[in-house]
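Notes follow the structure.
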Amino acid sequence: MIAALESQPEIPSKKQEVSSLLTERIHTPQDAARIIRDGGLVAFPTETVFGLGVDATNTDAVKKLFTAKGRPSNNPLIVHINDQQDWTLAASEMTRHADALLTAFAPGPITVVLPKLAKISHLVSAGLNTVGLRIPSHPIAREIFRLAKVPVAAPSANRSGKPSSTTWQSAFEDLNGRVDAVYCEDSTSIGIESTVVHCCGPFPVILRPGAITLEQVQQIVPEAKEMASCVAHDEPSATDAVSSPGILHPHYQPDAEIHLLEKPTSELITPNAGSAYCGLDRFAGIEQLPLSNTFETVEDYAAGFYEFLRQADRNSISRIFVQTAPAHGIGRALLDRQRRAAGG
Ligand code: AMP
Ligand code: MG
């Protein structure tokens, strides 16, 4: 797959509009940091998914990023830094709960929402007075932030609404001609976006599930809750968190239609030329499908899910049967992405 894409990178995908930028392929954190400092857009690897980075204090650059992705302006961006002690680059206050969670899980796949520093562009926070702050563990990402010396706003490196990119080839496929550079190295390990935790209220609220689970968060702050349970119990202290409209936008959707199923069987999945399957279990007749992937563990499934959806689109698959992940551990985050990918 890598070789095939490398040999024809200049051919725009059928969904791509006319390109205006020459997208450079870069291989060093120095190049990435220089482009970001100069107000450019760079796709780079993190341990979760590929990010599309820009100087979070440069409103013109942030505007270009929203255009490049086709991202709705009310969907806030997460700001990335190299080290926990650099939080003053993005937030005006470090709350007790955020400090405890970052100390436990950062660098790693967790984002804490804190009061925003005025210097961070209002476009980054989509007009909110808070900012999502993350310290990835990926060494390339951290070196880019260290050298850039500016807070880096970075959503996932994909066209808005599409599955996130977990390889540089996928980031390139989506963003060629729309961004200044793609860091052509490495792929991601977790494959699912960070856990987003609102940390400005009386207790932490998980806005988006990720690799750091509710149980792990509760080991550090026992009062932590998931957004869904706050909404169900009409918790007024979660109201601010509800005003994170980005969560409601369509996300992770391939061109193919997705059918979720708990258990795959040959009765449910007919060996049609336009059908594909991914999941943990095999079933009689799976070999007759033009595209399928069974993963050994839930972690592997999470790591490979988005790329499978993209592979299905590249193969003009019209219907993907997706076995739902078990709703615990990282499976909870994967299940959330599967439901959204299916339009739920
Ligand atoms: P993405 O860039 O696609 O990984 O999405 C980032 C998500 O983080 C957004 O959709 C928001 O849900 C969440 N987020 C970022 N900043 C904030 C914030 N200030 N308040 C609440 N949620 C946020
Ligand atoms: Mg995204």
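For this structure, a couple of remarks:
- Remark: relative contact order (the chain) = 19 percent; criterion is Cα-Cα distance under 8 angstrom and separation of 6 or more residues.
- The packing ranking, built from the mean of other Cβ atoms within 10 Å per residue, places the peptides 61-67, 193-199 in the order 193-199, 61-67, highest first.
- Here the 3J(HN,Hα) profile of region 151-163, calculated from phi with Karplus coefficients 6.51, -1.76 and 1.60 at θ = phi - 60°, is x, 10, 7, 8, x, 5, 8, 8, 5, 3, x, 8, x Hz, Gly and Pro shown as x.
- Relative contact order %, region 105-194, counting alpha carbon pairs below 8 Å whose residues are six or more apart: 23
- Taking θ as phi - 60° and the Karplus parameters 6.51, -1.76 and 1.60, the scalar couplings of region 312-317 work out to 4, 5, 4, 9, 6, 6 Hz in sequence order, x denoting glycine and proline.
- Selection among Ala325, Leu291, Gln338 by position relative to the dipole of region 271-343 gives Gln338 as farthest towards the positive end (Cβ unit charges, Cα centre).
- Amide H contacts of Val113 (H built 1.01 Å from N, under 5 Å, at least 5 apart or other chain): Leu133, Val197, His198, Cys199
- Unit charges on C-beta of K, R, D, E only; dipole of the chain, Debye: 700
- Computed Kirkwood radius, in angstrom, where 1/r is averaged over Cα pairs of region 36-105: 13.8
- Cross-link reach list, aspartates and glutamates versus Lys162, counting only Cα pairs under 16 Å and skipping chain neighbours closer than eight places: Glu17, Glu173, Asp174, Glu193, Asp255, Glu257, Glu307, Asp313, Asp336
- Scaled to the globular estimate 2.2 N^0.38 Å, the Cα spread of region 103-214, given as radius of gyration, is 1.12.
- In nm, spacing of pseudo-spin labels at Leu261 and Lys119 (7 Å Cα→C-beta vector): 5.5
- Whole-Hz couplings from phi, Karplus 6.51/-1.76/1.60, listed for region 69-79; x for Gly and Pro: 8, x, 8, x, 5, 8, 10, x, 9, 8, 9
- Of all DSSP-defined beta bridges confined to region 13-147, some 75% are antiparallel rather than parallel.
- Residues whose placed amide H lies under 5 Å from that of Ser292, excluding near-sequence neighbours: Tyr277
- Using a simple spin-label model with pseudo-atoms 7 Å out from Cα toward Cβ, Thr270 and Ser20 lie 4.6 nm apart.
- For the chain, the calculated P(r), taken from all Cα-Cα distances in 10 Å bins from zero up to the bin holding the longest distance, is 6, 26, 34, 24, 9, 1 percent.
- If both residues of a DSSP beta bridge must be in the chain, then about 40% of such bridges are antiparallel.
- Once the chain from Ser229 to Glu215 is taken as fully extended at 0.36 nm per residue, the excess over their C-alpha distance is 3.6 nm.
- Using 0.36 nm per residue and subtracting the Cα-Cα separation, the extra length available between Ser316 and Gln253 on full extension is 21.2 nm.
Every read-out reported here was derived from the displayed coordinates using simple, explicitly stated rules and does not represent laboratory data. Since this is a predicted model, take the numbers as computed values, not measurements. Note that we place each Cβ from the backbone using ideal geometry, even for glycine, and neighbour counts take in every protein chain shown.
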